[in-house]
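Working notes, beginning with the structure itself.
Readers should treat all values here as calculations from the given coordinates under stated rules, not as data from a laboratory. Every value quoted in this text rests on a predicted model; they were computed, and no experiment measured them. In this analysis, Cβ positions are derived from the backbone assuming ideal geometry, glycine residues included, and neighbour counts consider all displayed protein chains.
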Amino acid sequence: MTRTRTGDRTHTRTHIHSRTRTRTRGRLTPGRVLAWTLMTVALVATLFPFYWMVRTALTPAADLYSDSTGPFPRHPTMINFWRVLGLTSQEEARAAGGSGAQVDFLRYLLNSVVYSGLIAFLQTLFCAMAGYAFARLRFPGRDAVFGVLIAALMVPPIFTVLPNFVLVKNLGWLNTFAGMVAPSVLMTPFAVFFLRQFFLSIPREVEEAAVLDGVGPWGVFWRVVMPMSRGPLLTIGLTTAVWAWKDYLWPLLTGREEETRVLTVALGIFQQQSPNTQPDWTGLMAGSTLSVLPVLVVLILLGRRLVESLNFTGIK
Amino acid sequence: MGANTTVAPPRPRAGDGTGKGASPGQPRRARDDRKAAWLFLAPALAGFALFYAYPTARGVYYSLTDYSLLDDPHFTGTENYRELIGDDQFWNALKVTGYYVVLNIGAQTVLALGLATLMHRLTRSVALRAMLLVPWLVPNVTVGLLWMWMLDANLGLVNHVLGALGVGPTGFLTSPTWAMPTVAGINVWAYTGYTALLLYAGMLQIPQHLYESASLDGAGEWRTFTRITLPLLRPVLALVLVVSLIGSFQIFDTIAVTTKGGPIGATRVIYFYIYEQAFTNFHMGYASAIAVILALLLGVLTAVQMRLLRASRSDLA
């Protein structure tokens with residue numbers, strides 16, 4: 001196999017590491033005990049709040065005052081999940097501590113998947129096309145155009161958020177997925193830059209064989225370059241998806257309505273709908289848990305790839 | 001070599017792909033490229049023009065107008081900027097942002113360096129790294145809510161523990177003194193693992209034999225860290241630092257969820273002030289003027305970042 005996936009390369013590198021490294025391993029010195037202790041503390045500090053979130057989500061709202069410290073809820077219940085998923089009647093939800101306002105986290109979950117999926121897929125595709133043109137095709141003014149595009153990195157998001165909101169509003173695209181994803185699907189300077197760097201590293205000979213067979217640039221791109229670039233494409237796609245998944249301000253401005261409301265926006269609105277002076281903590285933690293679940297799925301399926309992605313993309 | 005060589009040896013193509021102009025034998029290929037290139041670039045160029053270039057020009061224009069979002073903007077020249085100079089809230093927002101950036105970046109960098117070093121010296125476990133990455137993968141909104149609950153004055157776990165230790169309950173997010181350090185702490189929790197993994201990736205690039213010879217020379221861990229890890233990590237550390245710095249200037253989500261700029265403006269950072277001016281007070285023109293100032297501040301940092309990025313990516317290709 002002649003695939004030169006960047007991921008495979010790191011793999012080899014770390015593998016070599018491991019062989020030289022084993023020599024210093026295994027000795028149990030006081031220093032190593034201390035180091036492992038610190039590492040354990042860091043892990044517990046990282047993960048414990050998530051445990052507490054789930055623990056609270058499983059607590060009946062009525063028990064919150066009497067049962068908010070033990071390691072497990074005394075009367076564990078799924079009612080908080082059912083009510084934020086909109087699976088209970090409004091009376092039941094209100095009895096369980098909800099505000100009675102309509103919530104349907106299943107729908108917001110789906111909206112979030114659509115929002116981040118569209119952005120991740122289309123942005124990666126279009127940035128790959130642009131990156132390839134800058135890396136391989138010859139046309140007048142290429143370096144200048146590339147420079148201008150990359151200069152867009154200098155514009156901080158908040159600066160474009162205001163006029164982009166006006167633009168989307170004037171187009172009548174508020175509360176549509178089109179308006180929500182429009183500013184991000186076509187390009188982002190970093191992805192163009194990153195993918196161009198990768199395409200430059202592919203040996204030209206690989207493409208030249210196809211060119212000699214009479215395949216045009218479009219064919220070379222789809223049939224030769226894209227299949228070879230699965231690693232970097234997944235890297236950019238994943239980090240873009242994570243970024244879109246976490247996004248709050250832009251969907252808050254452009255997609256507040258039920259049909260387009262994503263999880264982050266839904267959580268913010270849910271927080272403001274508290275029935276009494278105390279926020280609806282059990283419901284909020286149930287909703288928060290739902291926003292973490294897909295992250296865990298991605299981590300389990302693509303954890304290694306995601307972790308290794310960080311070796312290449314310093315930002316986003 | 002003679003200048004009149006008739007058959008030029010096939011020049012090896014530059015691996016960086018910047019080969020200027022088509023070789024003389026292939027004029028047709030060059031013409032085809034040109035047409036294809038613009039097709040390949042069409043979506044990205046449209047995105048650049050519509051959602052970067054045009055809004056940038058619009059943003060600068062709005063900053064010179066009085067614009068409520070409801071009526072058309074009308075030109076007022078530099079009035080917004082003159083108003084900014086006398087706006088205590090603007091100066092407060094700058095001050096508060098600076099305070100946040102110092103707290104956040106300081107704590108995060110030190111902790112992430114420590115964590116990365118621990119990982120580098122102890123284990124390469126992917127599972128461990130994945131677990132440390134979880135807080136970064138979770139939306140800031142979730143992180144904010146999660147910590148609001150943990151830190152709740154009446155029912156929060158942290159105050160329960162503090163109470164058991166004999167320390168009275170603290171309204172972490174409602175105290176003007178504690179609100180900002182608390183928000184900074186929350187984001188340190190959310191981003192330290194991620195930053196540590198970036199630094200760890202940088203540490204993997206340091207040749208292992210340096211550590212072996214240091215160990216043979218009997219150098220301790222601290223000496224190894226200050227003499228080998230830190231100096232050789234400098235380029236990566238600089239890039240990571242600048243990127244986190246740019247990010248922390250733009251803190252918004254966590255504050256929008258937890259404190260909404262309060263109490264009494266203690267956490268009203270510049271990004272949140274822009275948001276309030278534009279979408280709560282409908283002062284789009286004024287908000288744009290603040291955004292111009294922020295863009296100028298961040299522009300310097302981004303220029304530094306682009307230089308570092310280019311320097312550190314050149315060996316990737």
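When you go through B:47, B:59, B:106 one by one, which is the residue that is under 30 Å from residue B:266 (Cβ atoms) and without any contact (Cβ under 8 Å) to a residue 24 or more places away in the chain?
Just one listed residue meets the conditions, B:106.
Would you check if there is a residue in the range A:109-125 being in contact with a Leu (Cβ under 8 Å, 6 or more places away or on another chain), surrounded by fewer than 21 Cβ atoms within 10 Å (Cβ to Cβ) and closer than 30 Å to residue B:49 by Cα?
In the first step, residues of the range A:109-125 are kept if they are in contact with a Leu (Cβ under 8 Å, 6 or more places away or on another chain); the result is A:109, A:111-112, A:120, A:122-124.
From what is left, the residues that are surrounded by fewer than 21 Cβ atoms within 10 Å (Cβ to Cβ) are A:109, A:122.
Among the residues that remain, those that are also closer than 30 Å to residue B:49 by Cα are: A:122.
Yes.
Just checking, how many residues over the range A:143-179 are more than 18 Å from residue B:283 (Cα to Cα), crowded, with 19+ Cβ neighbours inside 10 Å, facing chain B (nearest Cβ under 8 Å) and more than 23 Å from the chain's Cα centre (by Cα)?
Adding up the residues that qualify gives 2.
Looking at the range B:42-71 only, could you name the residues that are more than 8 Å from every other protein chain (Cβ to nearest Cβ) and either exposed (fewer than 15 other Cβ atoms within 10 Å of the Cβ) or not in a helix (DSSP H, G or I) (or both)?
Those that are more than 8 Å from every other protein chain (Cβ to nearest Cβ) and either exposed (fewer than 15 other Cβ atoms within 10 Å of the Cβ) or not in a helix (DSSP H, G or I) (or both): B:49, B:57, B:63, B:64, B:65, B:66, B:67, B:68, B:70, B:71.
Here are B:311, B:278: which of them is surrounded by fewer than 18 Cβ atoms within 10 Å (Cβ to Cβ) and of a type in the set (Gly, Ala, Ser)? Walk me through it before giving the result.
Numbers: B:278 fails: surrounded by fewer than 18 Cβ atoms within 10 Å (Cβ to Cβ).
Testing whether each residue is surrounded by fewer than 18 Cβ atoms within 10 Å (Cβ to Cβ) and of a type in the set (Gly, Ala, Ser) leaves just B:311.
Specify the residue that is nearest to residue A:285 (Cα to Cα); the eligible residues are those in the range B:144-187 that are assigned to a helix (DSSP H, G or I) and more than 27 Å from the chain's Cα centre (by Cα).
Initial filter on the range B:144-187 (assigned to a helix (DSSP H, G or I)): B:144-150, B:157-164, B:179-187.
Narrowing further to those that are more than 27 Å from the chain's Cα centre (by Cα): B:157-164.
Values: B:157: 14, B:158: 16, B:159: 18, B:160: 18, B:161: 20, B:162: 22, B:163: 23, B:164: 24 Å.
Within the range B:144-187, the match that is nearest to residue A:285 (Cα to Cα) is B:157.
Got a sec? Which of A:123, A:102 is in a helix (DSSP H, G or I) and either under 30 Å from residue A:217 (Cβ atoms) or touching a residue at least 12 places away in the same chain (Cβ under 8 Å) (or both)?
On the way: A:102 fails: in a helix (DSSP H, G or I).
Checking each option against the conditions leaves just A:123.
Give me the residue from the range B:202-256 that is part of a helix (DSSP H, G or I), more than 10 Å from chain A (Cβ to nearest Cβ) and of a type in the set (Gly, Ala, Ser) and, out of that set, nearest to the chain's Cα centre (by Cα).
B:248
I need every pair where a residue in the range B:140-165 that is facing chain A (nearest Cβ under 8 Å) and over 22 Å from residue B:251 (Cβ atoms) has its Cβ under 9 Å from the Cβ of a residue that is crowded, with 22+ Cβ neighbours inside 10 Å and β-branched (Val, Ile, Thr), sequence separation at least 6 or different chains.
Partner pairs satisfying both residue conditions: none exist.
Residue B:195 versus (1) over 23 Å from the mean Cα position of the chain (by Cα); (2) part of a helix (DSSP H, G or I); (3) buried (at least 23 other Cβ atoms within 10 Å of the Cβ); (4) not small (Gly, Ala, Ser): which is the lone unmet condition?
(1)
Looking at (1) at the interface with chain A (Cβ under 9 Å from one of its Cβ atoms); (2) within 26 Å of the chain's Cα centre (by Cα), which is the only condition residue B:39 fails?
So the condition that residue B:39 fails would be (2).
Every residue, every condition in (1) buried (at least 23 other Cβ atoms within 10 Å of the Cβ); (2) touching an Asp or Glu at 6+ places or on another chain (Cβ under 9 Å), yes or no:
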| residue | (1), (2) |
| --- | --- |
| A:208 | no, no |
| A:228 | no, no |
| A:238 | no, no |
| A:245 | yes, no |
| A:249 | no, yes |
| A:263 | yes, no |
| A:267 | yes, no |
| A:272 | no, no |
| A:284 | yes, no |
